[in-house]
Amino acid sequence: MSASETASDTPGFCVNARRLIARHEHMNRVGATPAGGVHRLALSAEDNQARFDLVGWANERGFPCAIDPAGNLFITRSGRDADAAPVMSGSHTDSQPYAGRFDGMSGVLAAFEALEALDDAGIETRRPITAVVWTGEEGGARFPVGTIGSMAFAGRRSLADTLALTDPGGVSVGAALQTTFEVLRAVPRCPLGMPVHAFVELHIEQGPLLEQAGIPVGVVTDIQGMRRFIVEVVGEEAHSGTSPRRMRKDAFKDAIAIVGDLQDACSDPPDIVRFTVGRFEVHPNAPSVVPGRVRFVIDLRHPDIAELDRLTELIARRCLQHNGPCRAHFRELTRIEPLRFEPRMPNLVEEAAKALAIPSMRILSGANHDTSHLASLCPVTMIFIPCERGISHNEAENVANENLVAGARVLTQVLVRLAQE
Ligand SMILES: [Zn+2]
């Protein structure tokens, strides 16, 4: 068998490891922080710079680019059949504040490497393959919500509502996008939404399981569901020096009692339930005032919808039946149902890893991703690669070069399989 036959049988072999790592090293400098991470908030100058550089690389290769009204950026390698819906792959270039270099970027650069590798090897596909950068996956760090671009693309939030989302400085997504469009003015505009044959996202695991197992590729089968609730505990403000404690309606005291009770009620021995209170606001937040009002947000995640329903009911009941001097109000903010991928998609990833002799294991995604929105349009799956000690959303986030390469090889293999359909 000749080298070229091997390459076309297993396209993953043509991935250029040195180029992929060099691309990462370049992007590591875009929004670099002194502690070795990146600070590349959604639609910031740094986020725009990363996209600009990517477009530059695409232009060098002659890959056509396009940007839609939500700022999603598409880079395409044509297929034989120009009318066939593309196979898409990609992730995000934006980051959480002072966060890691690989969350999002590894998926963008793996998809771009797939296009370049196929081009180098002269592998023709029936369908076009498109590398995509979704706008503001980490948008929640700046705007009120995340996965901004993929949600608009999938029609899960209207474009008008998307553009009207506003950051704490009063800058809307629409206004921020004007700068992005200006930076990328040479990139042709395309309408929002298009048919997609299939979507595959490579992402870091953001958890410790692959590393613990010593396995470089995670075959993602599900994304667990997420619900968010806001609880408001209302008491009465009073002077902290003069008000006797037995007469107080201390909203902080009741709120921590409720949180403690819910922490216990939601803990399970197999440690599958994810219960977090990550936001806690005390009013008026003054040392000499007994707090009159406390608001906190519960983030609840689980792969099973029945369990999410049961816990939602339990949390609501315990809040509303809270037996203290203060009253607790409960409201659901967000609901993302658990998602199980069409089995043939993770099967393709598993087969691709096998063909390349790269060990893989099945895994659940604990975090939400752009992929969940794409799932309403087409078959989807994800490829996870290990990150050191599972650390993510942190400047210390790190991924071994060989894992970046292994993931990109499996991704390339899968994309070609799908693009020949
Ligand atoms: Zn991410």
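Taken together, the values in this text are just the output of simple stated rules run on the coordinates, not laboratory data. Note that the coordinates shown come from a computational prediction; the quantities given were computed from them, not determined experimentally. Here Cβ is always computed from backbone atoms with ideal geometry, including for glycine, and neighbour counts include all displayed protein chains.
With springs only between Cα atoms under 10 Å, which of ALA406, ALA42, ALA22 fluctuates most in a Gaussian network model of the chain?
ALA22
Please compute the net charge surrounding GLY149, taking Lys and Arg as +1 and Asp and Glu as -1 over other residues with Cβ under 14 Å from its Cβ.
-4
Specify which residue in the list PHE280, VAL196, ALA306 is farthest towards the positive end of the charge dipole of the chain, using unit charges on the beta carbon of Lys, Arg (+1) and Asp, Glu (-1), about the Cα centre.
The one lying farthest along the dipole's positive direction is PHE280.
Cut-off is 10 Å between beta-carbons; in what order do MET226, MET361 appear when sorted fewest neighbours first?
MET361, MET226
Just name one of LEU377, GLN263, ALA328: the one whose Cα is farthest towards the positive end of the charge dipole of the range 245-399 (beta-carbon charges, Lys/Arg +1, Asp/Glu -1).
Ranked along the dipole, the leading option is ALA328.
Taking the chain as a Gaussian network, Cα atoms linked when under 10 Å apart, which of VAL55, VAL217, VAL282 shows the biggest mean-square fluctuation?
Among VAL55, VAL217, VAL282, the largest mean-square fluctuation in the Gaussian network model of the chain belongs to VAL282.
Once you sort the root eigenvalues of the Cα gyration tensor of the range 65-137 as a ≥ b ≥ c, which label holds: rounded (a/c under 1.5), prolate (a/b larger than b/c) or oblate (the other case)?
oblate
Could you state the orientation-averaged shadow area of the convex hull built on the Cα atoms of the chain, in nm² to one decimal?
21.9 nm²
May I ask for the net charge around ARG344, where only other residues with Cβ less than 13 Å from the Cβ of ARG344 are counted and Lys, Arg are +1 while Asp, Glu are -1?
Overall, the nearby charge balance is -2.
Residue farthest toward the positive end of the dipole of the chain, with Cβ of Lys/Arg at +1 and Asp/Glu at -1: which of ALA238, ALA176, MET105?
ALA238
Rg/Rh for the range 204-307 to two decimals, with Rh computed the Kirkwood way over all alpha-carbon pairs.
Expressed as Rg/Rh, it is 1.17.
Sorted by average packing, counted as other Cβ atoms within 10 angstrom per residue and highest first, what order do 125-136, 164-175, 371-382, 392-403 take?
125-136, 371-382, 392-403, 164-175
Report, to the nearest 10°, how far helix 45-61 tilts away from the longest principal axis of the Cα atoms in the chain, using its own Cα long axis and a range of 0 to 90°.
Computed tilt is about 10 degrees.
Tell me whether the range 282-421 comes out rounded, prolate or oblate; compute the Cα gyration tensor, take square roots of the eigenvalues as a ≥ b ≥ c, and use a/c under 1.5 as the rounded threshold.
Taking the square roots of the gyration eigenvalues as a ≥ b ≥ c, the range 282-421 is prolate.
Rounded if a/c is under 1.5, else prolate if a/b is larger than b/c, else oblate: which is the range 1-109, with a ≥ b ≥ c the root eigenvalues of its Cα gyration tensor?
It comes out oblate by the Cα gyration axes.
Helix-derived [θ] at 222 nm for the chain: sum -39500 (n - 2.57) over DSSP H runs of at least 4, divide by residue count, nearest 500?
-10500 deg cm²/dmol
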